[in-house]
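Participant: Can you keep this structure in mind? I'll have questions shortly.
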Amino acid sequence: MIALQRWVGAGLDLLFPIQCAGCGGAGTIWCVECDVSIVRLTEPQCQQCGYPLDNRRSCPSCVSRRPALRVRSYARYKGPVAQALLHLKYHPDRRLVSEMGAWLDELHVREGWRARVVVPVPLSKRRLQHRGFNQASLLAEALGRCAGLPVDPSRLKRVNDTRSQVGLDPHERWHNVRQAFQAEARSFEGADVLVVDDLFTTGATLSACATAIRAAGAQSVVGLTVARA
């Protein structure tokens, strides 16, 4: 089966030559030039949301509302990273997913978190049927393979088909996803959970997920995203 998948993959590569998801250059899904251009997020950062502080003493992102979990993001949402995430939103590219999964694993190791299960931010049934895949699930699975952690997309569900967050101001984003997610009582009892999404904008979605997971008995919840707006 694996051999067949490799042959099919090789055939597709011949028919559709690999292009960099960041710049469109030929030959690889993520080129050296795009990798060098990544603005990676490192310390000093807000201990809660990961906002890059530079010389700031306080985190402007957490002044009005703090996320209900600690979050870290790999890079700034700009340039090739933004293009790559836009590509992934509509094309479930296995090579790009593997690349980004390695980024998330690097973050996970650096933070020293002791998560025991990885959970992707779920899509509504309608959006999942329309798109055909959930990019957060693909990223979670790639991270799980790198980190040797189980991935469980079934316990956390999106129970409200909310409107898109695009174009909403911060207050509207938090209100939009309030009580949008749910997990069965005690389904995360005693678990240390790592929630994965592609992009951190205000933290509203990840916070809503964390609130539902904690209500289901989780011991701790942290979050990772590929990029931060």
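Participant: Among Thr28, Thr211, rank each residue by its count of other Cβ atoms within 10 Å, from fewest to most, as a rough exposure measure.
Facilitator: In increasing order of surrounding Cβ atoms, one gets Thr28, Thr211.
Participant: Next question. Quick one: which residues, 5+ away or cross-chain, put their amide H under 5 Å from the amide H of Val195? H built at 1.01 Å from N.
Facilitator: Those qualifying (amide H under 5 Å, at least 5 residues apart or on another chain) are Val119, Val222, Gly223, Leu224.
Participant: Tell me which lysines have Cα within less than 29 Å of Lys125's Cα, excluding those fewer than 8 residues away on the same chain?
Facilitator: List returned: Lys89, Lys157.
Participant: Can you give the % of DSSP beta bridges in the chain that are antiparallel, to the nearest 5?
Facilitator: 25
Participant: Ignoring the sites themselves, what is the longest stretch of the chain with no trypsin sites (Lys or Arg not before Pro) in a DSSP loop and at most 11 other beta-carbon atoms within 10 Å?
Facilitator: Result, exposed sites excluded: 58-113.
Participant: Would you mind working out the magnitude of the charge dipole of the chain relative to its Cα centre, with +1 at each Lys and Arg C-beta and -1 at each Asp and Glu C-beta, to the nearest 20 Debye?
Facilitator: Roughly 660 debye, rounded to the nearest 20.
Participant: How about the stretch 64-150: which chymotrypsin sites (Phe, Trp or Tyr not before Pro) there lie in a loop by DSSP and see at most 11 other Cβ atoms within 10 Å?
Facilitator: Filter output for the stretch 64-150: empty list.
Participant: Let's see if you can work this out: charge +1 on each Lys and Arg Cβ, -1 on each Asp and Glu Cβ, no other charges. What is the dipole magnitude of the stretch 163-229 about its Cα centre, in debye to the nearest 20?
Facilitator: In debye, rounded to 20, the stretch 163-229 gives about 140.
Participant: Return the percentage of antiparallel bridges among DSSP beta bridges fully within the stretch 123-229, rounded to the nearest 5 %.
Facilitator: 25
Participant: Can you give me the relative contact order of the stretch 22-163 as a percent, contacts being Cα pairs under 8 Å and 6 or more apart?
Facilitator: Computed over the stretch 22-163, the figure is 21 percent.
Participant: What list of ³J(HN,Hα) values in whole Hz, one per residue of the stretch 98-109 in order, does the Karplus curve 6.51 cos²θ - 1.76 cosθ + 1.60 (θ = phi - 60°) give from phi, with Gly and Pro shown as x?
Facilitator: Per residue, the Karplus-derived 3J(HN,Hα) values read 5, 4, 6, x, 5, 4, 5, 5, 4, 5, 4, 5 Hz.
Throughout, read-outs are computed from the coordinates displayed, never taken from laboratory work. Source: prediction; values computed, not measured. Quick reminder, even Gly has a Cβ in these numbers, built from the backbone with ideal geometry, and neighbours come from all protein chains shown.
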